[in-house]
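Engineer: I'd like to ask you about the structure that follows.
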Amino acid sequence: MPQGLPYASWGQRAGAFALDCLINFGPLWLGVGVANMIGEGNTGEGLALIVSWSGVVAMIVACVVQAIREGRTGQSIGKTALGIRVVRTYDGLVPGAPLAFARRLCQFLNYPAFCLGWLWACWDQKKQTFADKITGVVVLQAAFETTATHAPA
């Protein structure tokens with residue numbers, strides 16, 4: 001991977017993460033909220049259950065679509081909006097769907113010990129979180145990226 005590429009700042013990453021959370025979990029929050037309003041009168045319990053489960057299904061679909069998108073392009077919707085991209089450290093290519101899914105799962109390791117894994121990117125030389133280190137990726141500013149962007153399927 002070429003040296004000297006600008007890594008994404010912690011603020012860019014946090015903003016992209018927040019936007020992705022709204023996109024991924026928004027359907028769930030909306031579905032549960034609407035289901036609570038429907039179910040308050042005890043007459044709409046069946047409909048409330050359907051609406052809340054629809055929110056769960058929509059959340060799962062959104063998370064899967066986001067991970068596939070990030071695997072293929074290096075960018076989730078939040079990363080696109082903030083102008084950053086995920087690439088593999090060893091060759092500079094986008095991660096591919098399996099590695100993108102693995103990275104999403106590893107992100108749960110960033111939370112223990114007061115979110116130390118997320119904060120690690122503040123002082124790390126490559127601005128990597130624990131999940132980034134485990135999966136071998138870095139997050140770059142997309143406008144400055146000069147490497148190839150397509151990984152084998």
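The values are calculated or read from the model by the stated rules, or taken from the named source; none is laboratory data. Because the structure is a prediction, the values reported are computed rather than measured. Every residue, glycine as well, gets a Cβ built from its backbone with ideal geometry; the counts of neighbours run over all protein chains shown.
Engineer: Do the conditions hold for Leu99, that is, is it under 12 Å from Thr135 (Cβ atoms), in a helix (DSSP H, G or I) and modelled with pLDDT under 95? Step through it out loud before you land on a result.
Structural biologist: Working: under 12 Å from Thr135 (Cβ atoms): yes; in a helix (DSSP H, G or I): yes; modelled with pLDDT under 95: no.
Criteria not met by Leu99.
Engineer: Lys133 is checked against (1) without any contact (Cβ under 8 Å) to a residue 24 or more places away in the chain; (2) surrounded by fewer than 17 Cβ atoms within 10 Å (Cβ to Cβ); (3) in a helix (DSSP H, G or I) and fails just one. What number does that condition carry?
Structural biologist: With (1) without any contact (Cβ under 8 Å) to a residue 24 or more places away in the chain; (2) surrounded by fewer than 17 Cβ atoms within 10 Å (Cβ to Cβ); (3) in a helix (DSSP H, G or I) applied to Lys133, the lone miss is (2).
Engineer: Quick one: which of Leu30, Leu5, Leu19 is at pLDDT below 95, surrounded by 15 or more Cβ atoms within 10 Å (Cβ to Cβ), of a type in the set (A, V, I, L, M, F, W, C) and closer than 24 Å to Ala143 by Cβ?
Structural biologist: Leu5
Engineer: Evaluate the following for Gly92: is it out of contact with any strand residue (DSSP E or B) (no Cβ under 7 Å at 6 or more places or on another chain), in contact (Cβ under 8 Å) with a residue 40 or more places away in the chain, surrounded by 15 or more Cβ atoms within 10 Å (Cβ to Cβ) and part of a loop (DSSP other than H, G, I, E, B)?
Structural biologist: It is true that Gly92 is out of contact with any strand residue (DSSP E or B) (no Cβ under 7 Å at 6 or more places or on another chain), in contact (Cβ under 8 Å) with a residue 40 or more places away in the chain, surrounded by 15 or more Cβ atoms within 10 Å (Cβ to Cβ) and part of a loop (DSSP other than H, G, I, E, B).
Engineer: Something else about it: Which residues, counting only those in segment 71-89, are part of a loop (DSSP other than H, G, I, E, B) and either among the acidic types (Asp, Glu) or touching an Asp or Glu at 6+ places or on another chain (Cβ under 7 Å) (or both)?
Structural biologist: Ser76
Engineer: Considering only segment 16-61, state which residues are of a type in the set (Asp, Glu) and in contact with a Gly (Cβ under 8 Å, 6 or more places away or on another chain).
Structural biologist: Asp20, Glu45
Engineer: So is Val64 within 20 Å of the chain's Cα centre (by Cα), in a helix (DSSP H, G or I), surrounded by 14 or more Cβ atoms within 10 Å (Cβ to Cβ) and among the β-branched types (Val, Ile, Thr) or not?
Structural biologist: So Val64 fits the description; yes.
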